[in-house]
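Asker: Before anything else, here's the structure in question.
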Amino acid sequence: MIDYKLVCLIFLAFGFNTVKSQNINYKTLLGIEHSNLVGDSLKLEKNTFIAFEKMKKAALNDGIKIKVVSGFRDFKRQKEIWNNKFLKFTKENNFSGIDAINEIIRFSTIPGTSRHHWGTEIDVIDEKYKNEKNPLMSDKYEKDGIFSKLKKWMDENSEKFGFYLVYTNNPNRAGFEYEPWHYTYLPISKKYLNEFLKIDIIEIISKIDIEGKDLFTKNFIEDYYNNNILQINPDLK
Ligand SMILES: [Zn+2]
C-alpha cells in the first residue's frame, strides 16, 4: 500500500525546493534577461527602484539631489566594455593577454560577473554637477571634492534605506579599487550574490566570444572570485 502522507510530504518538500531555486533565474544574475526591471533609459530592479525613490526624496529634503549615472547594465554592454578594453590594452599598449586582463579587472568585471547585471546597484553623483567630465573619480567624493557633500549625506543616511557601499576604502580589502559612488540595495543583492556563487561561470563563458577567454582557467576564475568578486563590504555577504 502506498503511504499517501509520505508521498505528499515528499512532493511538498520537492515542490518547495523547485520554487525556491527558480526564484532567481540564472539569466537574471548574468545580465542576460531580467523580468523585474523598472525605469526608462536608466533601469533598476523593482524593489531597488522603490527604495531609491524614498532615499532620493529624503536627500532632497536635506538639499542634496542624488543622480544615478549607472544602474542596470546588461551582459551585452559589459561584453562590449570588456572587449574594447582588452583590444586597447593588447593592440595599442602591447600588453600580454594576462596583463591586459589584470589591468581591466582593477575597475571592470568579466561579463556575467558584474553586480550591475542585477539591477540592484547604483553609481551616484550630485545632480548639481551633472556636466562634470569623468565624474567617477574617488578624490571628487573626498575632502573638498565636488561630491563630498553628497558622500557625507550618503555616509550618514544611505544604510537606513538599504543602500550600502560595495567597494569600500578599508585598507584590508583587496580587489576592485575604492568606488565611493557605487552602492548596492542589500535586501535584494545579498540574495542575488548567494545564488550567483552557485553558477558555473567558466561553462557559460566558454560558449561566448569574450576576448581573452582562453585565459579564464579554473584557477584564474577561483582567484578572481576570491580576490575580486568577494572582496566587498562584509555586510553584503
Ligand atoms: Zn558601479
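Asker: Determine whether S108 is within 13 Å of the ligand (Cβ to nearest atom) and touching a Gly at 6+ places or on another chain (Cβ under 9 Å).
Answerer: It is false that S108 is within 13 Å of the ligand (Cβ to nearest atom) and touching a Gly at 6+ places or on another chain (Cβ under 9 Å).
Asker: Given the conditions (1) free of Cβ contacts under 8 Å to residues at least 40 places away in the same chain; (2) away from the ligand (no atom under 15 Å from the Cβ); (3) more than 19 Å from L29 (Cα to Cα); (4) basic (K, R), report the number of the one that K207 does not fulfil.
Answerer: With respect to (1) free of Cβ contacts under 8 Å to residues at least 40 places away in the same chain; (2) away from the ligand (no atom under 15 Å from the Cβ); (3) more than 19 Å from L29 (Cα to Cα); (4) basic (K, R), K207 is out only on (3).
Asker: Need the failing condition index for F147 against (1) closer than 24 Å to N228 by Cα; (2) within 16 Å of the ligand (Cβ to nearest atom), just the number.
Answerer: (1)
Asker: I need the full set of residues from the stretch 183-228 which are of a type in the set (A, V, I, L, M) and part of a helix (DSSP H, G or I), in order please. Show your work before the answer.
Answerer: First, the residues of the stretch 183-228 that are of a type in the set (A, V, I, L, M): 186, 188, 193, 197, 199, 201-202, 204-205, 208, 210, 215, 221.
If the condition is that a residue be of a type in the set (A, V, I, L, M) and part of a helix (DSSP H, G or I), then L186, I188, L193, I201, I202, I204, I205, L215, I221 are the ones that fit.
Asker: Which of the residues that make up the stretch 118-134 are within 14 Å of the ligand (Cβ to nearest atom) and out of contact with any Ser or Thr (no Cβ under 8 Å at 6 or more places or on another chain)? Step through it out loud before you land on a result.
Answerer: Let us first name the residues in the stretch 118-134 that are within 14 Å of the ligand (Cβ to nearest atom), namely 118-125.
Within the stretch 118-134, V124, I125 meet the criteria.
Asker: Would you say I50 is assigned to a helix (DSSP H, G or I), within 16 Å of the ligand (Cβ to nearest atom), of a type in the set (V, I, T) and modelled with pLDDT of 95 or more? It would help to see each step written out before you state the result.
Answerer: Numbers: assigned to a helix (DSSP H, G or I): yes; within 16 Å of the ligand (Cβ to nearest atom): no; of a type in the set (V, I, T): yes; modelled with pLDDT of 95 or more: yes.
Spelling it out, it is not the case that I50 is assigned to a helix (DSSP H, G or I), within 16 Å of the ligand (Cβ to nearest atom), of a type in the set (V, I, T) and modelled with pLDDT of 95 or more.
Asker: Same structure again: Tell me, which residue of the stretch 110-143 that is of a type in the set (S, T, N, Q) and touching a helix residue (DSSP H, G or I) at 6+ places or on another chain (Cβ under 7 Å) is surrounded by the most Cβ atoms within 10 Å (Cβ to Cβ)?
Answerer: T120
Asker: Name, by its number, the condition in (1) surrounded by fewer than 16 Cβ atoms within 10 Å (Cβ to Cβ); (2) more than 15 Å from the ligand (Cβ to nearest atom) that does not hold for I101.
Answerer: So the condition that I101 fails would be (1).
Asker: All but one of (1) within 13 Å of the ligand (Cβ to nearest atom); (2) over 23 Å from I204 (Cα atoms); (3) buried (at least 16 other Cβ atoms within 10 Å of the Cβ); (4) among the hydroxyl-bearing types (S, T, Y) hold for T90; state the number of the condition that does not hold.
Answerer: (1)
Asker: Okay, moving on. Here is a list: M154, M137. Which entry is more than 16 Å from the chain's Cα centre (by Cα), farther than 19 Å from A51 by Cα and within 15 Å of the ligand (Cβ to nearest atom)? Steps first, please.
Answerer: Values: M154 fails: farther than 19 Å from A51 by Cα.
The unique qualifying residue is M137.
Asker: Identify, by number, the condition in (1) within 20 Å of K85 (Cα to Cα); (2) among the acidic types (D, E); (3) modelled with pLDDT of 95 or more; (4) more than 16 Å from the ligand (Cβ to nearest atom) that E179 doesn't meet.
Answerer: Exception for E179: condition (4).
Asker: If I filter the stretch 64-71 for residues that are surrounded by 13 or more Cβ atoms within 10 Å (Cβ to Cβ), away from the ligand (no atom under 14 Å from the Cβ), touching a residue at least 24 places away in the same chain (Cβ under 8 Å) and closer than 19 Å to G175 by Cβ, do I get at least one hit?
Answerer: No, the conditions are met nowhere in the stretch 64-71.
Asker: List the pairs whose first member sits in the stretch 118-135 and is part of a loop (DSSP other than H, G, I, E, B), whose second member is more than 16 Å from the ligand (Cβ to nearest atom), and whose Cβ atoms are under 8 Å apart, counting only residues at least 6 apart or on separate chains?
Answerer: G119/H34; G119/N36; G119/L37; E132/I146; P135/Y129
Asker: With the checklist (1) modelled with pLDDT of 95 or more; (2) part of a helix (DSSP H, G or I) in hand, flag the one item K20 doesn't pass.
Answerer: If we test K20 against (1) modelled with pLDDT of 95 or more; (2) part of a helix (DSSP H, G or I), just (1) comes out false.
Asker: Separate question: For the stretch 147-169, what are the residues that are farther than 16 Å from F107 by Cβ, in contact (Cβ under 8 Å) with a residue 60 or more places away in the chain and not in a helix (DSSP H, G or I)?
Answerer: Result: G162, F163, Y164.
Asker: Could you please find all residues in the stretch 187-200 being among the hydrophobic types (A, V, I, L, M, F, W, C) and crowded, with 20+ Cβ neighbours inside 10 Å?
Answerer: Scanning the stretch 187-200 gives I188, L193, F196.
The values are calculated or read from the model by the stated rules, or taken from the named source; none is laboratory data. Predicted model, so just to flag it, every value in this text is computed and none were measured. Counting neighbours? That spans all protein chains shown, and the Cβs are built from the backbone with ideal geometry, glycine included.
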